[in-house]
Amino acid sequence: MEINAFKPHLVLIGLMLISALALAFTVDVTLNDRAGVSMKLPSALDGGWVGDELRYSHNPENPKQYRASELDLPNIDPVTGEKLFTMSLAEYEALAKDTQFVKSIYTNDAAAQMFVSVVLSGRERDSIHRPERCLVGQGSSIVNQHFWNVVMPGIIEVPLEGREPLKVAVLETIRNYRGANGERKAYYGYYAYWFVGQNRETPSHYMRMLWLAWDRVVHSRSHKWAYIAVAGDRGDEKSDAYKQEVVDFIQKLYPHLLINKQGGS
C-alpha cells in the first residue's frame, strides 16, 4: 500500500528530471572553448617514467600504431607517407571530428608500462562518452565494474597534496587472443579514468551529465569536458596489486595535467 502510494511521486520526479535534461540541451547557451585540462602529456615523470606519444595510421591497408620516437617526421607514416593521427581510425569514425586526443605510453626502468590518454570534447556534448563503449568495441570484456555505493569498491582514491583525494573509476577487463602457436591466451587489464570539467572532477559519467545540464540551465553555459585514462596490465585475474601502482602513477601525472584548481563530485 505504501509503495503504491509513493509511485506517483516517483513518476513526478522522473518527469521533472526528463524535463530538466530536455531543457538543458535545447536552450541557447554560450559555448566555452576553454579546457580544464592540458592537452600536452609530459615527456617524463618522477620515478624514471619516460613517455612516448602515440600516432595512428588511418590507412586500412596499414592500420598501425607508432611511437613518436620511431618516426623521422612526427605526423607522417614512414610506410605510406600519409598523415598520422592522435586517435585510431575507429575512434575517429565514432566521435565528433573536433574531439581532441593525446596519448602516450610510459615505461620505467623495470619495463613496466602505463598507457595514458586524454580525450577532450568538441562543441557537441556527445563528443566524449563512457569509456566502456570503446573498450567493448575494441574486443575487451568488462569483468568487474563498480560505481557509487557505501564503501565504493572499484573506486580508487588517490591522495593529493592540498586537497581531498581524487576519486578514479576502475574497470577490470579481459581480452582473449591467440598466441604465436595458435593457443588461446587472456590479457588481464585495467582501465582507470575520471572526467574533468571547469573546476570539477568526477569518476561518474552520469554526474558529468548532470553537471553539464546544470551549467546549461542555470548558467547558460556549456563547458568542454575531458576524460583522463590510465590503463595497464593486472598481471593475473585475481591480483589487485595494480591499484597501488595506479595511485602512485596518478600522483606523479596529476600536477602536469590540470589547468585550474579542481573540485570533486
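The values are calculated or read from the model by the stated rules, or taken from the named source; none is laboratory data. Predicted, not measured: the structure shown is a model, and the values here were computed from it. Cβ coordinates were reconstructed from backbone atoms using ideal geometry, including for glycine residues, and neighbour counts include every protein chain displayed.
Within 26 Å of PRO255 (Cβ to Cβ), in a loop (DSSP other than H, G, I, E, B) and either at pLDDT 90 or above or of a type outside the set (Gly, Ala, Ser) (or both): is that true of GLU237 in this structure? Working first, answer last.
Working: within 26 Å of PRO255 (Cβ to Cβ): no; in a loop (DSSP other than H, G, I, E, B): yes; either at pLDDT 90 or above or of a type outside the set (Gly, Ala, Ser) (or both): yes.
When the stated conditions are applied, GLU237 does not pass them.
Suppose we filter segment 33-50 for residues that are out of contact with any helix residue (DSSP H, G or I) (no Cβ under 6 Å at 6 or more places or on another chain), crowded, with 19+ Cβ neighbours inside 10 Å and either hydrophobic (A, V, I, L, M, F, W, C) or closer than 17 Å to SER104 by Cα (or both); how many remain?
3
Among the candidates ILE250, ILE228, which residue alone is within 22 Å of PHE101 (Cα to Cα) and outside any strand (DSSP E or B)?
Details: ILE228 fails: outside any strand (DSSP E or B).
The conditions single out ILE250.
For segment 215-231, enumerate the residues that are in contact with a Gly (Cβ under 7 Å, 6 or more places away or on another chain) and either modelled with pLDDT under 90 or surrounded by fewer than 20 Cβ atoms within 10 Å (Cβ to Cβ) (or both).
HIS223, TRP225
Please go through (1) loosely packed, with under 15 Cβ neighbours inside 10 Å; (2) part of a strand (DSSP E or B) for ARG163 and return the number of the only condition it doesn't satisfy.
Exception for ARG163: condition (2).
If you go through segment 152-188, how many residues are under 15 Å from the mean Cα position of the chain (by Cα) and in contact (Cβ under 8 Å) with a residue 40 or more places away in the chain?
Residues in segment 152-188 being under 15 Å from the mean Cα position of the chain (by Cα) and in contact (Cβ under 8 Å) with a residue 40 or more places away in the chain: 8 in total.
Of the residues in segment 100-115, how many are over 12 Å from MET39 (Cα atoms), of a type in the set (A, V, I, L, M, F, W, C) and part of a strand (DSSP E or B)?
The total comes to 3.
Which condition number does VAL196 fail, the rest of (1) within 20 Å of ALA96 (Cβ to Cβ); (2) β-branched (Val, Ile, Thr); (3) surrounded by fewer than 19 Cβ atoms within 10 Å (Cβ to Cβ) being met?
The single condition VAL196 does not satisfy is (3).
Give segment 65-110 a look and list any residue that's modelled with pLDDT under 95, surrounded by 15 or more Cβ atoms within 10 Å (Cβ to Cβ), in contact with an Asp or Glu (Cβ under 9 Å, 6 or more places away or on another chain) and among the polar types (S, T, N, Q), or say none.
Hit for segment 65-110 is THR99, nothing else.
Does at least one position in segment 197-205 carry a residue that is modelled with pLDDT under 80, in contact with a strand residue (DSSP E or B) (Cβ under 6 Å, 6 or more places away or on another chain) and within 23 Å of ILE250 (Cβ to Cβ)? Lay out the reasoning, then the answer.
To start, the set of residues in segment 197-205 that are modelled with pLDDT under 80 comprises none.
Checking segment 197-205: not a single residue is modelled with pLDDT under 80, in contact with a strand residue (DSSP E or B) (Cβ under 6 Å, 6 or more places away or on another chain) and within 23 Å of ILE250 (Cβ to Cβ).
As an exercise: evaluate ILE156 against (1) closer than 24 Å to ASP236 by Cβ; (2) of a type in the set (A, V, I, L, M); (3) assigned to a loop (DSSP other than H, G, I, E, B); (4) at pLDDT 85 or above and give the number of the one condition it does not meet.
(3)
Out of contact with any strand residue (DSSP E or B) (no Cβ under 9 Å at 6 or more places or on another chain) and closer than 19 Å to VAL116 by Cβ: does that describe PRO255?
yes
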